[in-house]
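K.L.:
Starting off with a structure, shown below.
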């Protein structure tokens, strides 16, 4: 089945230790999104790629970076995780801007 | 920007009864309204959506209604089952406007009581 895959499902890192989360898709969608979701809250958009064009949300901290080496893969890099960065990180894709977004299962990040 | 309000924040329903979740939006140019179901520890799953040229859409036990004049839309689940227990998010977007982002409601935790 075509789908959005996230690895790992659970990630534990230490305060200040860089971490990379991975997303891949078999939908061949043009747009890939990264969201942060904290407990009992709605997903919050961090940034998205439309093809190779990177679009950062104004309130996304500089600590968060992203790479999209090809259509299928997108990475979220957290350069120096703080305790406040512990959250569920969700990857989503859509065929084009404004189209239906399909979410992956998420990566639960714990910062010790 | 768009603002989406969602009510109620929690809802408990006897198994077999109906559940209704309501959302209002502020941007009259919003034209696409998806609903997502999120089970504990999982990503949001699209369950139904509606576009602004339609007033109602139904898929088995799930239906969504849209009132563009009043700027509100609702999710209706009939004959509820225990597996319907989850957090439900409504969302809105102006889908023809390039970089417009999906605006979510605050979520409704639905509990089905056996």
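Values quoted throughout were computed directly from the atomic coordinates according to the rules given, and no laboratory measurement underlies them. Since this is a predicted model, take the numbers as computed values, not measurements. Positions of Cβ are backbone-derived with ideal geometry, glycine not excepted, and every protein chain shown enters the neighbour counts.
K.L.:
Among bridges DSSP assigns within the protein assembly as shown, what percent are antiparallel (round to 5)?
P.N.:
Taking every DSSP beta bridge with both residues in the protein assembly as shown, the antiparallel ones total about 90 percent.
K.L.:
Sticking with this one: What whole-number volume per residue, in cubic angstrom, does the convex hull of the C-alpha atoms of the protein assembly as shown give?
P.N.:
Roughly 123 Å³ of hull volume per residue.
K.L.:
Can you divide the C-alpha Rg of region B:4-56 by 2.2 N^0.38 Å and report the result to two decimal places?
P.N.:
Output field value: 1.33.
K.L.:
Can you give the % of DSSP beta bridges in chain A that are antiparallel, to the nearest 5?
P.N.:
Antiparallel: roughly 90 percent of the beta bridges in chain A.
K.L.:
At q = 0.13, 0.16 Å⁻¹, what is the base-10 log of I(q)/I(0) for chain A according to the Debye formula with one equal point scatterer per Cα and no solvent? Please give it to two decimals.
P.N.:
Debye curve over Cα of chain A, log10 I(q)/I(0) at q = 0.13, 0.16 Å⁻¹: -0.43, -0.66.
K.L.:
Before anything else, pin down the relative contact order of chain B: Cα pairs under 8 Å, at least 6 apart, normalised by residue count, whole percent.
P.N.:
37 percent
K.L.:
Would you work out the relative contact order for chain A, in percent, from Cα pairs under 8 angstrom that are 6 or more residues apart?
P.N.:
The value is 38 percent.
K.L.:
Two decimals, Cα atoms only, Kirkwood Rh: what is Rg/Rh over region B:10-114?
P.N.:
Here the Rg-to-Rh quotient is 0.97.
K.L.:
Which of B:76, A:29, A:48 comes first, and how do the rest follow, when ranked by fewest Cβ neighbours within 10 Å?
P.N.:
B:76, A:29, A:48
K.L.:
How shielded is B:101-113 by partner chains, expressed as the average number of their Cβ atoms within 10 Å of its Cβ atoms?
P.N.:
Taking the mean over all residues of the peptide, I get 3.
K.L.:
With just the Cα atoms defining each centre, how far is region A:1-67 from region B:45-92? Give it in Å.
P.N.:
27 Å
K.L.:
In which sequence would A:3, A:32, A:88 go, from the one with the fewest C-beta neighbours within 10 Å to the one with the most?
P.N.:
Ascending Cβ contact count within 10 Å gives the list A:3, A:88, A:32.
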